[in-house]
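What follows is a single structure, written as structure tokens, with notes after it.
Each reported figure results from applying straightforward, stated rules to the coordinates on display, with no laboratory input. Bear in mind the structure is a predicted one, so any value in this text is a computation, not a measurement. Backbone-built Cβ (ideal geometry, glycine too); neighbour counts: all protein chains shown.
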Amino acid sequence: MIRLTVFLATAFVFLIVPVYALTPPPGLESQVNHSDFIILARLSNVKESKISAQSVSVTANVEVLKPIKGGPELPSKFDLAFMIFPEYFGKWLKASPQEGDYILFLIKKKVKDSKGKETEVVALYEPHPYAFREYSKELEEKIRSEIKSQP
């Protein structure tokens, strides 16, 4: 039984994870539809720590400059922490984002604490590399147009 479990876990890692890695980035319509919050944000104090040969852990301060979708519920400033796995997501977020202005796509996610209590938190759009887009006025206008066309 243990050998079968190890085999299945190994098969998952070698067969499923690489396929997931090759998933093309979502279209803007999909990102807008599947995000609970979309904000124009300024990233600052971006710091990274290596966790393996290629992967890094990143922390940053976020200042909400302008809510684009669902923003009034968010604080005006918050801290962000996430991981980057460049070996799985190709050109998308191979390195820590630079300090500057981005459009962030965020979701509401349910998590459980150690006692099993469920709480809803705001998290990066998943997969995380697709949560960041460099800001441009044109991109903001496209997003607003997508929001208006939603039912």
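Brief remarks on what is shown
- Extension gain, LYS148 back to SER52 (0.36 nm per residue minus Cα-Cα distance, nm): 30.3 nm
- 26 Å tail of the calculated P(r), the range 26-149, as % of Cα pairs: 21 percent
- Remark: the VAL111-GLN98 segment gains 1.8 nm on full extension, using 0.36 nm per residue and subtracting the alpha carbon distance.
- Charge dipole (debye, nearest 20) of the range 26-149; +1 at Cβ of Lys and Arg, -1 at Cβ of Asp and Glu: 180 debye
- Highest mean packing comes first when the peptides 34-41, 63-70 are listed by Cβ atoms within 10 Å, giving 34-41, 63-70.
- FRET efficiency for GLU140 and ASP79, using Cβ-Cβ distance with R0 set to 22 Å, rounded to 0.05: 0.35
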